[in-house]
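Some notes on the structure that comes next.
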Amino acid sequence: MSELVARTGRQQQRYEDGYRLIAGCIPFKYSNVEENGGDTSKKIEVLMINSTSGPGLLFPKGGWENDETAEEAALREAMEEAGVRGDLVHFLGYYPFKSKTLQDEFSPEGLCKAAMYALLVKEELESWPEKSHRQRSWLTIPEAIECCRHAWMREALEKGFSNWYADCMIHTLPKKDVLK
């Protein structure tokens, strides 16, 4: 059993112009790959988790609450849902989407706007709040594109993350020690 507990409820959720504000990340790591000639090269893998409400894989994300920044919310969701900790290194953009399950009085149409970040994974926890509901999968970017459940997450991966990766993965966010 984990001593870490996930936040629940929507009392502290942020809303803006009829959108529920979401924060999430694309966790990634570098792996060494041995080439045919015996040389090694680095490849990048992204971490996805299973959906608890249907087929396909997702990136960690959830409600951005009033007492935290978007960055803090993204780090919290990565730990709660995927059991990983690391450094947010780049803001990938805002991605609007419509949720079928997140309709409420503040967003009756289920409109959401997700702030997405690239998270360099430094630690994989053995125990985390949603471990009993989630499975982690490390995938190459093409595999992740194929398995991604939601079009907006695929867009964050294909356009936000992949474009940043192609631009030499420059760290654009300051390093912070948040949520140890």
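Restricted to the range 121-164, and to residues there that are open to solvent by 30 Å² or more (accessible area, probe 1.4 Å), in contact (Cβ under 8 Å) with a residue 60 or more places away in the chain and of a type in the set (A, V, I, L, M, F, W, C), the residue that is farthest from Ala74 (Cα to Cα) is Cys147.
Residue check: is Pro27 in a strand (DSSP E or B), open to solvent by 30 Å² or more (accessible area, probe 1.4 Å) and either at pLDDT below 90 or touching a helix residue (DSSP H, G or I) at 6+ places or on another chain (Cβ under 9 Å) (or both)?
Spelling it out, it is not the case that Pro27 is in a strand (DSSP E or B), open to solvent by 30 Å² or more (accessible area, probe 1.4 Å) and either at pLDDT below 90 or touching a helix residue (DSSP H, G or I) at 6+ places or on another chain (Cβ under 9 Å) (or both).
Among the residues of the range 63-91, the one identified as within 22 Å of Ile141 (Cα to Cα), of a type in the set (Gly, Ala, Ser) and part of a strand (DSSP E or B) is Gly86. Just name the residue that is most open to solvent (accessible area, probe 1.4 Å) out of those in the range 73-103 that are out of contact with any Lys or Arg (no Cβ under 9 Å at 6 or more places or on another chain) and charged (D, E, K, R). Only one residue tops the list, namely Lys100. Output yes when any residue across the range 113-135 is farther than 15 Å from Cys25 by Cβ, in a helix (DSSP H, G or I), touching a Gly at 6+ places or on another chain (Cβ under 8 Å) and at pLDDT 90 or above, and no when none is. Among the residues of the range 113-135, not one is farther than 15 Å from Cys25 by Cβ, in a helix (DSSP H, G or I), touching a Gly at 6+ places or on another chain (Cβ under 8 Å) and at pLDDT 90 or above, which makes the answer no.
The values are calculated or read from the model by the stated rules, or taken from the named source; none is laboratory data. All values reported here derive from a predicted model rather than from experimental measurement. Heads up, the Cβs are rebuilt from the backbone with ideal geometry, glycines too, and the neighbour counts pull from every protein chain shown. What goes into the accessible areas is simple: the full protein's heavy atoms, side chains included, and nothing from ligands, DNA or RNA. Shrake-Rupley method; radii C 1.70, N 1.55, O 1.52, S 1.80 Å.
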